[in-house]
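Presented below is the structure to which this report refers.
The values are calculated or read from the model by the stated rules, or taken from the named source; none is laboratory data. Computed from a prediction, not measured in an experiment: that's the story for all the values here. Here Cβ is always computed from backbone atoms with ideal geometry, including for glycine, and neighbour counts include all displayed protein chains. Surface accessibility is based on the protein's heavy atoms, side chains included, excluding ligands, DNA and RNA. Shrake-Rupley method; radii C 1.70, N 1.55, O 1.52, S 1.80 Å.
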Amino acid sequence: DMAMYQSKHDLSRRISFYEQAMERATLERFALAQDLGRALDLGQFTLHYQVQKSVASGDIVGYEALLRWNHPLQGSISPAVFIPIAEETGHILAIGEWVLRTACAEAATWDAPHKVAVNLSPVQVINADIPGLLRAVLVETGLSPKRLDLEITESTFIADKAKALRVLRQVKALGVSLSIDDFGVGYSSFDTLRSFPFDKIKIDGCFTRDADRSSEARAILRSVLALGRSLGIPVLAEGVETADQLARLRAEGCAEAQGYHLGKPMPMERARPIAMRAG
Ligand code: C2E
Ligand code: MG
Ligand code: MG
Ligand code: MG
């Protein structure tokens, strides 16, 4: 009858609406993946830099290079959105090579010999010849390997742990330092630290932020700082947004900090202190 017909009709309309939304998301992702393939040649990438400071002295320790994609129609697209697509499509290999080369070339022109930290995707570690690329880029740019810090996440060890460890040992042999990024939010954290002599632990920003209101976050922050001390590895706290958070980190003996309170990611021309630019 009519009521039956009506409800069936509604259901099929709802399904088709859902399917259309799915299809649209897939198409958007597909279009973005295609644009990503041309973005390098079209010069749509730039690097922003975010300062990393010593908590005790306030001295600049280094700058983390963060990739920015200026899409002609969509404007600035977050790396949180396009890095996963670049990893799925393999574009990350060429893009990551550009990031490494550009960050090292730019750092080589800085007036002060601060470190530059570059994020490496697990896909690069497993599928690219990272030691070979590093050797070439360090020679090309003249940057001292002591000034380069590579940030990797624990997910690097999931696909092929043996290969990852082999690559990272070769990287360290070049004199480049290695940091474990987003520590505490992945899994197998302790095993990762046991497996490889990292030079720095970057504790994820969520612990710094939540330490204000959550005793659990505070306890975890303290434990990671104690762990770093026992292992002899300095800890950098990410995501420091307020003076109170920085004061807490100082009281807890955290070595380094990074976050909006200390400096937002920005083009190097603006990230560089005035005094240094004058030189
Ligand atoms: P990440 O390496 O953990 O970088 C830190 C992220 O936190 C950056 O986001 C930074 O802008 C943001 N951040 C810094 N301070 C604060 C703060 O005080 N509060 C908050 N809420 N956020 C803060 P961004 O630039 O959007 O990058 C997101 C992620 O994308 C990075 O996380 C990294 O995993 C990835 N990424 C960025 N650039 C590259 C790259 O060149 N290569 C690869 N493979 N991944 C990259
Ligand atoms: Mg990072
Ligand atoms: Mg991080
Ligand atoms: Mg992150």
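A few notes on this one:
- Spans of helices (runs of 4 or more DSSP H) in the range 100-192 with at least 1 residues closer than 24 Å to Leu227 by Cα: 156-159, 161-173
- Of all the numbered requirements in (1) among the polar types (S, T, N, Q); (2) in contact (Cβ under 8 Å) with a residue 40 or more places away in the chain; (3) out of contact with any strand residue (DSSP E or B) (no Cβ under 9 Å at 6 or more places or on another chain), Ser214 misses one, and that requirement is (2).
- Filter result (open to solvent by less than 70 Å² (accessible area, probe 1.4 Å), at pLDDT below 95 and away from ligand 4 (no atom under 15 Å from the Cβ)) within the range 189-211: Asp191, Thr192, Leu193, Ser195, Phe196, Asp210, Ala211
- The requirement of being farther than 14 Å from Glu64 by Cβ, touching an Asp or Glu at 6+ places or on another chain (Cβ under 8 Å) and open to solvent by 20 Å² or more (accessible area, probe 1.4 Å) is satisfied by Ala105.
Rundown of residues vs (1) under 14 Å from the mean Cα position of the chain (by Cα); (2) closer than 26 Å to Cys206 by Cα; (3) surrounded by fewer than 17 Cβ atoms within 10 Å (Cβ to Cβ), yes/no style:
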| position | (1), (2), (3) |
| --- | --- |
| His114 | no, no, no |
| Thr141 | no, no, no |
| Lys146 | no, no, yes |
| Ala162 | no, no, yes |
| Gly175 | no, no, yes |
| Gly186 | yes, yes, no |
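- Of all residues in the range 145-168 being free of Cβ contacts under 8 Å to residues at least 40 places away in the same chain and aliphatic (A, V, I, L, M), the one that is farthest from ligand 2 (Cβ to nearest atom): Ala162
- Flag for Ala108 being touching a helix residue (DSSP H, G or I) at 6+ places or on another chain (Cβ under 6 Å), among the small types (Gly, Ala, Ser) and at pLDDT 95 or above: yes
- In summary, strands (runs of 3 or more DSSP E) completely within the range 14-89 and bearing 3 or more residues that are open to solvent by less than 90 Å² (accessible area, probe 1.4 Å) and free of Cβ contacts under 8 Å to residues at least 60 places away in the same chain occur at 60-71, 75-77.
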